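Engineer: The structure follows.
The values are calculated or read from the model by the stated rules, or taken from the named source; none is laboratory data. This one's a predicted model, so the numbers in the text were calculated from it and none came from an experiment. When we count neighbours, we look across all protein chains shown, and the Cβ atoms used for this are built from the backbone with ideal geometry, even at glycine.
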Amino acid sequence: MILSVSNKMYLWVDSKTSTMIRLIICAFLSFASFSFSQQQYGDTVYYDSGDIYIGTWLNGKAQGYGEMIWISGSHYIGEWKDNFQHGKGKMTWAEGDQYEGEWMMGLQNGEGKMTWGNGDYYEGEFKDGLVNGKGTMWYQNGMVFKGKWKENTFIE
């Protein structure tokens with residue numbers, strides 16, 4: 001449960017049903033519930049898991065532009081569709097890896113740049129979350145591979 005002494009509204013999604021939102025108005029300590037039916041906009045959604053979503057949604061799902069902060073320490077800011085990263089966005093994983101570029105239904109797809117925590121990075125094409133297509137990989141040790149990649153493997 002989230003408590004506040006201000007007049008702010010806090011939202012969180014029940015883990016049992018993603019379509020129900022409980023609304024707490026802390027100033028009056030009153031409670032109400034509602035379901036999404038049309039396009040909804042909001043400030044912050046707190047999930048039972050501890051994750052936080054800030055942004056817009058449609059029919060109970062992240063939709064449009066928003067930011068997700070996972071309790072693990074990972075963070076995404078960018079475009080969403082049906083609760084998936086979709087469009088342009090930047091993801092930073094808790095381990096230090098970072099991807100900035102195009103997403104499709106939660107996976108890296110299209111042009112982007114992936115930087116690993118050890119300093120290696122790749123710029124180029126991705127497909128279904130994998131390095132796939134034309135691109136260049138720079139390794140911290142000075143090696144560079146430029147050309148065609150398939151499923152994270154350099155082929156020419």
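Engineer: Somewhere in the range 147-156, is a residue under 19 Å from residue 97 (Cα atoms) and of a type in the set (A, V, I, L, M)?
Structural biologist: Going residue by residue through the range 147-156, those that are under 19 Å from residue 97 (Cα atoms) are 151-153.
Subset that is of a type in the set (A, V, I, L, M): none.
No, there is no match, as no residue in the range 147-156 is under 19 Å from residue 97 (Cα atoms) and of a type in the set (A, V, I, L, M).
Engineer: If you scan the range 119-133, which residues turn out to be surrounded by 12 or more Cβ atoms within 10 Å (Cβ to Cβ) and either in a loop (DSSP other than H, G, I, E, B) or not small (Gly, Ala, Ser) (or both)? First the steps, then the outcome.
Structural biologist: Step one: of the range 119-133, the residues surrounded by 12 or more Cβ atoms within 10 Å (Cβ to Cβ) are 120-127, 129-133.
Selection gives 120, 121, 122, 123, 125, 126, 127, 129, 130, 131, 132.
Engineer: Continuing with this model, one more query. May I ask you to list pairs of residues, at least six apart or on different chains, whose Cβ atoms are under 9 Å apart, with the first in the range 66-93 being closer than 15 Å to residue 52 by Cα and the second being among the basic types (Lys, Arg)?
Structural biologist: 75/90; 76/90; 77/90; 78/88; 78/90; 80/61; 83/61; 84/61
Engineer: Do any residues in the range 122-142 that are within 17 Å of residue 100 (Cβ to Cβ) and modelled with pLDDT under 95 have Cβ atoms under 6 Å from those of residues that are surrounded by fewer than 19 Cβ atoms within 10 Å (Cβ to Cβ) and aliphatic (A, V, I, L, M), where the two are at least six apart or on different chains, and which pairs are they?
Structural biologist: Between residues of the range 122-142 that are within 17 Å of residue 100 (Cβ to Cβ) and modelled with pLDDT under 95 and residues that are surrounded by fewer than 19 Cβ atoms within 10 Å (Cβ to Cβ) and aliphatic (A, V, I, L, M), there is no close pair.
Engineer: For the range 134-153, which positions are of a type in the set (Gly, Ala, Ser) and surrounded by fewer than 16 Cβ atoms within 10 Å (Cβ to Cβ)?
Structural biologist: Filtering the range 134-153 for residues of a type in the set (Gly, Ala, Ser) gives 135, 142, 147.
Matches in the range 134-153: 142, 147.
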